[in-house]
Amino acid sequence: MFAKSDKVRDLEARLSAFMEDHIYPNEARYFREAEDLGPWSVYPVIEELKPKARAAGLWNLFLPDSHRGAGLTNLEYAPLCEIMGRSLLAPEVFNCSAPDTGNMEVLERYGTEAQKAQWLEPLLRGEIRSAFAMTEPAVASSDATNIESSIVRDGDHYVINGHKWYTTGATNPACKIIIFMGKTDPGNPDRHRQQSMILVPKDTPGVEVIRSLPVFGFYGVPDRASEVKFTNVRVPVGNMLLGEGRGFEIAQGRLGPGRIHHCMRAIGMAERTLEKMCDRAEARVAFGRKVSDQSVTRERIAEARIMIEQARLLTLHAAWKMDTVGNKEARAEIAMIKVAVPNMLCQVTDWAIQVFGGGGTSNDFGLAAAYATARLLRLADGPDEVHRDQLARIELKKRAGRNDRGRWGGAEVPARALPPLAAE
């Protein structure tokens, strides 16, 4: 089912070679620039590597079914995304990083031709970057219907007011466009028709990027999370995406591919983390024995391999399901990987840190950033609890829809169908 085509194998080889030649040797520089220049700057190393990636034909690989991208299915893209996920530097170099991938997919799928010409094309060329403003500090944004920001029609314009945070990408000087989610019809009895999404140029008066938000002390890596205020921001009515009341629909369409991309990259990061763990365990001696000779270390290495393989197969199955029956029908599989994969990466990275000792808590070996990424992903695009709740509802609905509820499923099960008690 998951056999790779010649096209994918060729891209894998070229991508892996690019990683060896250009990505891994520049990682230390990348982290140094992120620390020295901060989240409000463009990092020179990325701008130097982008043209090389594009010249190598390794550009916009994420975009399926489009003349603008590589035309790969989700299943074909999965192993390539995994390779890119081995380094936090890589995705942006190949123009395959969040939030741009999700925003480009939104524009490709829901944007007008004018919106595509103005914003999608420069994003696809890597000339600009974007942000996605959905989460709010005043409400539990795991329930997107809680969003309080407003989008009010005023003649030929919409007036936007709202306070957002964890708006990825807003501090980047290259960020020129923000996709903003707010309510156009807060009184609609259908809570999923109250919201809309609209395009807001970042330089519009009233848009104020308040601060960069660190992720476990990291600014700019692994995420340029930002706090942004929108005060009486006026944009033309033509900036509305798809139509009023369609925001929740767009969000669901956007987050499906975004979630699986996160998981694909996380598997690559887990693979590289396990490699580091094994190399370190072989190289270090404690109490007269190599750390790799300690049974607890071997146990953890074995468990890590099992967990990674399970996560990869689950993710490939979700990708195949998305390709064959669509994102909506694959929602259970997407929810499963969104819980399983970040938790796997958290555990594998935690074990690696133990093998590295105190050095593992620094970022000399990239483990601290990997752990921060893994922990962030348990919240990004919906927390674990929301996905588990959705999965449970799907399972319960399956049972409720059956006429024959199964031998043990209903109250009508005969008493003698149960095994006898010992006293009998």
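The values are calculated or read from the model by the stated rules, or taken from the named source; none is laboratory data. Treat the numbers as computed from the prediction; the structure is a model and nothing was measured. Every residue, glycine among them, receives a Cβ derived from its backbone with ideal geometry; neighbour counts consider all protein chains shown.
Overview of results
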quantity: Close pairs from segment 72-89: first within 19 Å of Leu274 (Cα to Cα), partner of a type in the set (Phe, Trp, Tyr) and outside any loop (DSSP other than H, G, I, E, B), Cβ under 8 Å, at least 6 apart; calculated: Ser87/Tyr24; Leu88/Tyr30; Leu89/Tyr30
quantity: Check on Leu274, assigned to a loop (DSSP other than H, G, I, E, B) and hydrophobic (A, V, I, L, M, F, W, C); calculated: no
quantity: All positions within segment 360-398 that are in contact (Cβ under 8 Å) with a residue 24 or more places away in the chain and basic (Lys, Arg); calculated: Arg375, Arg378, Arg388
quantity: Of all residues making up segment 48-66, the number that are within 22 Å of the chain's Cα centre (by Cα) and surrounded by 13 or more Cβ atoms within 10 Å (Cβ to Cβ); calculated: 10
quantity: Residue within segment 257-265 that is in the same structural domain as Ala330 (by TED's automatic domain parsing), at pLDDT 95 or above and in contact with a Lys or Arg (Cβ under 7 Å, 6 or more places away or on another chain) present; calculated: yes
quantity: Sole residue being under 18 Å from Arg129 (Cβ atoms) and modelled with pLDDT of 95 or more, chosen from Asp223, Asp203; calculated: Asp203
quantity: Flag for Ser130 being touching a residue at least 40 places away in the same chain (Cβ under 8 Å) and hydroxyl-bearing (Ser, Thr, Tyr); calculated: yes
quantity: Options Glu76, Glu92; residue that is more than 24 Å from Thr324 (Cα to Cα) and part of a helix (DSSP H, G or I); calculated: Glu92
quantity: Residue in segment 64-82 that is hydrophobic (A, V, I, L, M, F, W, C) and either in the same structural domain as Asn327 (by TED's automatic domain parsing) or touching a Gly at 6+ places or on another chain (Cβ under 8 Å) (or both) present; calculated: yes
quantity: Single match in Asp185, Asp223 (criterion: within 21 Å of the chain's Cα centre (by Cα) and acidic (Asp, Glu)); calculated: Asp223
quantity: Residues satisfying the stated conditions in segment 326-364, i.e. more than 20 Å from the chain's Cα centre (by Cα) and modelled with pLDDT under 95; calculated: Ser362, Asn363, Asp364
quantity: Among (1) within 24 Å of Val215 (Cβ to Cβ); (2) surrounded by 14 or more Cβ atoms within 10 Å (Cβ to Cβ); (3) modelled with pLDDT under 95, the one test that Glu35 misses; calculated: (2)
